[in-house]
Amino acid sequence: MRIVGLSEAKQKLSELVERANEGERIGITRRGNLVAVIVPAPATKLQEVFGGIEKVRKRARPRKGISTKNLVEEGRI
């Protein structure tokens, strides 16, 4: 893990984020104490992120007498 001071991290944030994106862990210190760690984000696929939305849509039941158009006109959407 690479260690950098807070002031250096402020100056080189874009570079540090890119390095983390490539898999490197970066520790940030303030007055010699480790205060934060930049780590690579977990890999997620858009299908995983939005998969739950489809489940909700399939479960949702349309309500009788209420249309999307009416909701928009009433300012409810």
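Values in this text are rule-based calculations from the coordinates and carry no lab data. This is a predicted model, so every value here is computed, not measured. Every residue, glycine among them, receives a Cβ derived from its backbone with ideal geometry; neighbour counts consider all protein chains shown.
Considering the range 15-45 alone, what residues qualify as being under 16 Å from G5 (Cα atoms) and of a type in the set (S, T, N, Q)?
Once the filter is applied, which keeps residues that are under 16 Å from G5 (Cα atoms) and of a type in the set (S, T, N, Q), the range 15-45 yields T29, N33.
Could you count how many residues in the range 35-64 are surrounded by 10 or more Cβ atoms within 10 Å (Cβ to Cβ) and not hydrophobic (A, V, I, L, M, F, W, C)? Let's see the steps before the verdict.
Taking the range 35-64 as the starting set, the residues that turn out to be surrounded by 10 or more Cβ atoms within 10 Å (Cβ to Cβ) are 35-40, 51, 54.
Imposing the further condition that a residue be not hydrophobic (A, V, I, L, M, F, W, C) reduces the set to 40, 51, 54.
Selection size over the range 35-64: 3.
Return the residues of the range 33-77 that are assigned to a helix (DSSP H, G or I) and basic (K, R); say none if nothing qualifies. Reasoning before the result, please.
Initially, the range 33-77 is screened for residues assigned to a helix (DSSP H, G or I), giving 46-59, 68-73.
If the condition is that a residue be assigned to a helix (DSSP H, G or I) and basic (K, R), then K55, R57, K58, R59, K69 are the ones that fit.
Looking at (1) on the phi < 0 side of the Ramachandran plot; (2) surrounded by fewer than 12 Cβ atoms within 10 Å (Cβ to Cβ), which one does G32 not meet, given that it meets all the others?
(1)
Out of (1) assigned to a strand (DSSP E or B); (2) in contact with a helix residue (DSSP H, G or I) (Cβ under 8 Å, 6 or more places away or on another chain), what's the single condition that is false for A9?
Against the list (1) assigned to a strand (DSSP E or B); (2) in contact with a helix residue (DSSP H, G or I) (Cβ under 8 Å, 6 or more places away or on another chain), A9 comes up short only on (1).
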